[in-house]
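Quick note: the coordinates plus some simple rules give every number you see, no bench work behind them. These numbers were taken from a predicted model, which means no experiment stands behind them. Here the Cβ positions follow ideal geometry from the backbone for every residue, glycine too, while neighbour counts run over all protein chains shown.
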Amino acid sequence: MKRDISGRWLKIQQRFGIAAPRVAVYSHTPWYWRWLWLAVLLAISAVAAKWVYDAGRRFAGFDQSEVESELAITKRDLAAAQAELERLRAIANAAENRFSIERTAQQKLAQQIRTLEQDNAKVREDLATFESMISSDARSGNTLAIYRFKVEPDVLPGEYRYHLLLVTPRARRERAFTGRLELVVTLT
């Protein structure tokens, strides 16, 4: 028992003796002042954290104001490039329209030239035929003469059209030709 009492006595001595823990006495502060100080401390911490964050970004080479100015310059350059693109597209469209008009006109002229060349060839052929008819000895004879005999394919396959010019002798010119012409075609 003695031991129990001495153990308790030691605990009491530690509490109130020279080895006792220090005690501080503070005046009472209301709870709202404590919360206000906590809010001010958090605000100061947030401002300091933002400043450290921005300083770290600047130190790493990323400056927000520099990026914003470069973004504004890039937007301005993009707008200028788009305006230039629209202007060049309009010029290209106008040039393409002119080119298509010129190409169409050239095709029409080429078609007209081909048509005129064909007409010219027909007229020359007719002229040559009539010149040969005038200078021919067949006109002085008593028989019919065939000039310009042409065979051309028709629309349907296997069918053909023919054109020929019959010239009567001078002696029979006063009266119209009455008779029969028979063409015999033999395919071998």
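What to note about this one:
- If R0 equals 45 Å, the separation of the Cβ atoms of ASP54 and ILE12 corresponds to a calculated FRET efficiency of about 0.15.
- Gaussian network model of the chain, springs between alpha carbon atoms under 10 Å - residue of THR29, THR115, THR168 with greatest fluctuation: THR29
- Listed by chain and number, the aspartates and glutamates whose C-alpha is less than 15 Å from the C-alpha of LYS122, apart from same-chain residues fewer than 8 away, are GLU131, GLU152.
- Taking every C-alpha pair closer than 8 Å and separated by at least 6 residues, the mean separation divided by the residue count of the chain gives a relative contact order of 9 percent.
- Reachable aspartates and glutamates from LYS108, criterion Cα separation under 17 angstrom, eight or more residues apart if same chain: GLU117, ASP119
- Residues whose amide H comes within less than 5 Å of that of TYR147, counting only those at least five positions distant or on another chain, are LEU165, LEU166, VAL167 (H built at 1.01 Å from N in the peptide plane).
- With an a/c value of 1.5 or above and a/b larger than b/c for the gyration tensor axes a ≥ b ≥ c computed over the alpha-carbon atoms, the chain is described as prolate.
- Each of PRO157, PHE62, ALA110 was scored by the projection of its Cα onto the charge dipole of the chain, and the greatest displacement toward the positive side belongs to PHE62; charges sit on the C-beta of Lys, Arg, Asp and Glu.
- Selected from ALA95, ALA83, ALA145 as most flexible by GNM, with the chain as the system and alpha-carbon contacts under 10 Å: ALA145
- Straight-line reach from LYS11: taking Cα to Cα under 20 Å and skipping same-chain neighbours fewer than 8 places apart, the lysines in range are LYS2.
- Most mobile listed residue (LEU156, LEU71, LEU166) in the chain, GNM with C-alpha springs under 10 Å: LEU156
- Ranked TYR32, TYR160, TYR147, criterion: other C-beta atoms within 10 Å, fewest first: TYR32, TYR160, TYR147
- Two-site FRET efficiency, ALA72 against LEU41, from Cβ-Cβ distance with R₀ of 35 Å, rounded to 0.05: 0.35
- Between helix 2-16 and the chain there is an angle of about 70 degrees, using the helix long axis and the longest principal axis of the Cα atoms.
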